[in-house]
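Taking it in order: structure first as structure tokens, then the write-up.
The values are calculated or read from the model by the stated rules, or taken from the named source; none is laboratory data. What you see is a predicted model, and the numbers here were worked out from it, not measured in a lab. Neighbour counts run over all protein chains shown; Cβ positions are idealised from the backbone, glycine included. For accessibility, only protein heavy atoms count, side chains too; no ligands or nucleic acids. Shrake-Rupley method; radii C 1.70, N 1.55, O 1.52, S 1.80 Å.
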Amino acid sequence: MSEKHFASQADLVEKKVSFDRLSDHAYAYTAEGDPNTGIVIGDDAVMVIDTQATPVMAEDVIRRIREVTAKPIRYVVLSHYHAVRVLGASGYHPEHIIASRDTYDLIVERGEQDMQSEIERFPRLFRAVESVPGLTWPTIVFERRLSMSLGKLQVEIMQLGRGHTKGDTVVWLPQEKIMFSGDLVEYAATPYTGDAYLSDWPNTLDAIAALRPEKLVPGRGASLQTPEHVREGLHGTYAFVTELYAEVQRGVAMGNDLATVYRDTYAALQPKFGHWVIFDHCLPFDVSRAYDEATGHRDPRIWTAQRDKDMWLALEG
Ligand SMILES: [Zn+2]
């Protein structure tokens, strides 16, 4: 394997933004595999799901929203705690920032370390990082489910199980069968599993599928606008997560060390998934967490900027 730049530090090309209308009430802000933002337009208020990484980057989302509605942006929902999705929240001046109890707990426990680590991993995705005022703190914290009515539009904010993190939250519009999944589902983008619960993730994908979404906005990748497309997104994510974990468990059962398991897992997954964006960025983190889970670490260890670099050096030299 040739020497690789750390994480996404060499990824400097701006992506093209799409702003897709899924229904009268739902839009998707996507950018060729960069983190997505979802928009729900109710009768009297707008809800934003994941914020982009900085308040300056949020301005472009707001500009698109203003092309379709003048209603106030009252609510921001955090699909999970990762900095690249939440640190733009202040840019919307929302009345409320909504997150699950588990997401809130992760911000308390590791939000600061995660912010430093992610800024160094993805410099391009933190444009105008100096505009970030600090961590994003939820003002409404829920357990399992929060039902809201934006006028006549019903919005279900739900924790269906662990997967990408322990706090994963989806937003579901039951009248329109539209789902915003956060990083639980990716499309043609590599799932990041550095903070994941790999043995739980497939069940959580089953819980999403059981709702029979007809349209779905993934965490990364294009919006999925037909039931067939949604199934494809769910199957792809399911395949990656289960094949990654099975491969790592196999190596652990053989008594291999992390570096060997990483080499073997990379070789096994690359032919099938190597063309997905951020594959080379994610794999070292993904295998590190899978190795931990397979060797009895129930909860993911905290990634600090230093741990990131040490791990990269050990696996990528
Ligand atoms: Zn994430």
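Once Rh is set to the Kirkwood radius over Cα pairs, what Stokes-Einstein translational diffusion coefficient, in µm²/s, holds for segment 198-256 at a temperature of 10 °C and a viscosity of 1.306 mPa s?
Translational D for this selection: 126 µm²/s.
Counting only the heavy atoms of the protein chains, how much of S149 is accessible to a 1.4 Å probe, in Å² to the nearest 10?
Rounded to the nearest 10, the figure is 90 Å².
Hey, got the dipole for the chain? About the Cα centre, +1 on K and R Cβ, -1 on D and E Cβ, debye to the nearest 20?
500 debye
Compute the FRET efficiency between V108 and E228 as 1/(1 + (r/R0)^6), taking r as their Cβ-Cβ distance and R0 = 41 Å, and round to the nearest 0.05.
0.50
Where a ≥ b ≥ c are the square roots of the eigenvalues of the C-alpha gyration tensor, would you call segment 65-137 rounded, which needs a/c under 1.5, or, failing that, prolate if a/b is larger than b/c, or oblate?
Oblate, since a/c reaches 1.5 and b/c is not below a/b.
Can you list the residues, at least 5 places off or on another chain, whose amide H is less than 5 Å from the amide H of S100, using H built in the peptide plane?
F142
Could you tell me how far the Cα centroid of segment 139-172 sits from the Cα centroid of segment 29-75, in Å?
18 Å
Exceeding 30 Å between C-alpha atoms, which entries from my cross-link table qualify? They are K15/K71; K16/K152; K71/K166; K16/K71; K15/K309; K15/K215.
K16/K152; K71/K166, as the Cα separations exceed 30 Å there.
At 0.36 nm per residue, minus the direct Cα-Cα distance, what do A246 and Q306 gain on full extension? Give it in nm, one decimal, please.
The A246-Q306 span can extend by a further 18.8 nm.
Can you give the extra length, in nm with one decimal, that the chain gains between A128 and R145 once fully stretched, where that is 0.36 nm per residue apart less the Cα-Cα distance?
Full extension from A128 to R145 adds 2.7 nm.
Quick one: work out Rg over Rh on the C-alpha atoms of segment 13-56, Rh as Kirkwood radius.
1.00
Can you tell me the relative contact order of segment 1-159? Whole percent, Cα pairs under 8 Å, sequence separation 6 or more.
22 percent
Counting helices only, and only those DSSP H runs with n ≥ 4, report the 222 nm mean residue ellipticity of the chain as the sum of -39,500 (n - 2.57) divided by its residues, in deg cm²/dmol to the nearest 500.
Rounded to the nearest 500, the figure is -12500 deg cm²/dmol.
Of E95, E247, E186, which is the most mobile in a GNM of the chain whose springs link Cα atoms less than 10 angstrom apart?
Ranking E95, E247, E186 by mean-square fluctuation puts E95 first.
Work out the length of the dipole vector of segment 45-124 about its Cα centre, built from +1 on the beta-carbon of each Lys and Arg and -1 on the beta-carbon of each Asp and Glu, and round it to the nearest 20 debye.
That gives segment 45-124 a dipole magnitude of about 380 debye.
One quarter of the convex hull surface, Cα atoms only: what value does that give for segment 1-113 in nm²?
Taking the Cα atoms of segment 1-113, their convex hull projects to 8.9 nm² on average.
Report for the chain the percent antiparallel among DSSP-assigned beta bridges with both residues inside it, nearest 5.
Of all bridge pairs located within the chain, approximately 65 percent are antiparallel.
Roll a 1.4 Å probe over the protein chains and send me the accessible area per residue for the chain in Å².
Counting only protein heavy atoms, the per-residue value for the chain is 40 Å².
Counting only residues 5 or more places away or on other chains, whose amide H sits under 5 Å from the amide H of A26 once H atoms are built in the peptide plane?
Distant-sequence amide H within range of A26: I41.
With the contact rule set at Cα under 8 Å and sequence spacing of 6 or more, what percent relative contact order holds for segment 116-187?
Value for segment 116-187: 17 percent.
Using the Cα atoms as the points, what is the convex hull volume per residue of segment 35-175 in Å³?
99 Å³
Can you sort W276, W172 by 1.4 Å-probe accessible area, starting with the largest?
Descending order: W276, W172.
Hey, with R₀ at 45 Å, roughly what FRET efficiency would D20 and M254 work out to, going by the Cβ-Cβ distance, to 0.05?
So, using R0 = 45 Å, E works out to roughly 0.50.
List the relative contact order of the chain as a percent without decimals, with contacts defined as Cα pairs under 8 Å and 6+ residues apart.
It rounds to 17 percent for the chain.
Taking Cα centroids, how far is segment 191-207 from segment 269-288 in Å?
16 Å
Where the accessible area of segment 27-150 is counted over protein heavy atoms with a 1.4 Å probe, how much of it, in %, is carbon and sulfur?
The nonpolar share, carbon plus sulfur, comes to 49 percent.
Which Cα, out of V48, G219, V261, lies furthest along the positive dipole direction of the chain (beta carbon charges, K/R +1, D/E -1)?
Among V48, G219, V261, the one farthest towards the positive end of the dipole of the chain is V48.
According to a simple spin-label model (label point 7 Å from Cα along Cα-to-Cβ), what is the distance in nm between Q270 and D299?
Distance between the two pseudo-spin positions: 3.6 nm.
Mean shadow of the chain, computed from the convex hull of its alpha carbons, in nm²?
Dividing the Cα hull surface by four gives the mean projection, 14.5 nm².
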